[in-house]
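The values are calculated or read from the model by the stated rules, or taken from the named source; none is laboratory data. What you are looking at is a predicted structure, and each value in this text was computed from that prediction instead of being measured. A quick note on method: Cβ atoms are made from the backbone with ideal geometry, for glycine too, and the neighbour counts reach across all protein chains shown. Areas reflect the complete protein model, heavy atoms only, side chains present, ligands, DNA and RNA absent. Shrake-Rupley method; radii C 1.70, N 1.55, O 1.52, S 1.80 Å.
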Amino acid sequence: MMILLLVLAIDSTSVTHIAVAPHESLTVHSTTPASSLEDGGGQSVVFLPGLLGGAFGFRKVMPALAEFGHPAYAIEPLGVGTSSHPDNSDYSLDAQSDRIAAVLDTLDVAHAVIVGSNFGAAVALRLAYRHPERVAAVVLIEGGPVDRSSAGGASIAVRLAPVLKIFGGRGFARRHIANALREYSADPAWVTNAVVDAYARPIVDDLSGAARVLAEMGRATVPTPLADNLWRIRQPVRLLVGAVRRHGGIENNEIAVLRERLPDFAADTVANSGVYVNEEQPEAVVRTVLSLVDAARHSVAVSAAISTPR
């Protein structure tokens, strides 16, 4: 009921497709607040999904943030959701972050809180140091310093690539995705038939194309490991980890790297959640984003007070 009320309070929700190169366009879902609150509202929040679910995975948190006066955008990277999935494109995580920056430039969004889920977390971290003017803070959801789309929970989708060619069929792909979503959850009650359909649709609607693109994602590499560049990220980074951890999310050694190399980092374990914190405990995501917005507002206020002539 609470989420329904939040949705009713939103002024508009839209879907656009933004071209970033020939044959490459990214899908943007945006939720606009009815009004920007005077007490610090209005800072943009940008969501970067993992390989499964696309913008649909953030349907519970975007309206809530818009209710607090924050424009919310979910940008689906190349090959994800309903964004284009051309053959022979650069599917490296570096290239994905540069495309996100191009979309933010088109949207005129700067100094945003970036929320990355799964492989979207690795894209968010790259965006923070490659395009720092676009990023005020970063929230990671079960994702970290990986250099391939096939790492961690992203492999749910990437593992489908070879088997789709052999056992290709809508029913097979859908069952595989449904089983993985349930396996990675603390309580699989959220994995309804409608949810499975939404998570699986971009893949089952184009099985051969999905198999090709997922295979290319699995092979794509970057010239410099993300771990070697974490020191360059000066923005605050917060990590949300599900307390019920079987597998599929960020690894303990990856958390250790983040803790060691990021100048401003903290991790929070979310009770009653598996890998998909945004699905099982969306309020934890909202709280974390709002806390970063408050911290950024306080920092600006302090800086202004210090620089004001006496």
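Checked against the criterion of being among the charged types (D, E, K, R) and either part of a helix (DSSP H, G or I) or over 23 Å from residue 115 (Cβ atoms) (or both), the range 236-243 has no qualifying residue.
Scanning the range 66-80 for residues that are under 15 Å from the mean Cα position of the chain (by Cα) and either more than 30 Å from residue 221 (Cβ to Cβ) or open to solvent by 20 Å² or more (accessible area, probe 1.4 Å) (or both) gives 72, 73, 79.
The listed residues are 256, 227, 267, and the only one of them that is open to solvent by 10 Å² or more (accessible area, probe 1.4 Å), outside any helix (DSSP H, G or I) and farther than 21 Å from residue 65 by Cβ turns out to be 267. Residue 306 passes every criterion in (1) hydrophobic (A, V, I, L, M, F, W, C); (2) open to solvent by less than 40 Å² (accessible area, probe 1.4 Å); (3) at pLDDT below 95 apart from (2). In the range 102-128, the residues that are among the hydroxyl-bearing types (Ser, Thr, Tyr) reach residues that are surrounded by fewer than 24 Cβ atoms within 10 Å (Cβ to Cβ) with C-beta atoms within less than 7 angstrom, at least six apart or across chains, in these pairs: 106/18.
Just one of the listed residues (287, 261, 297) is open to solvent by 50 Å² or more (accessible area, probe 1.4 Å) and in contact with a Leu (Cβ under 7 Å, 6 or more places away or on another chain), and it is 261.
Exactly one residue among 151, 136, 122, 178 is open to solvent by 10 Å² or more (accessible area, probe 1.4 Å) and modelled with pLDDT of 85 or more, and that residue is 136. Within the range 181-217, the set of residues being open to solvent by 20 Å² or more (accessible area, probe 1.4 Å) and in contact with a Ser or Thr (Cβ under 6 Å, 6 or more places away or on another chain) comprises 186 only.
Screening the range 17-65 for residues that are open to solvent by 30 Å² or more (accessible area, probe 1.4 Å) and β-branched (Val, Ile, Thr) and picking the one that is modelled with the highest pLDDT gives 20. Does the range 291-303 contain at least one residue that is modelled with pLDDT of 95 or more and on the phi < 0 side of the Ramachandran plot? There is at least one residue in the range 291-303 that is modelled with pLDDT of 95 or more and on the phi < 0 side of the Ramachandran plot.
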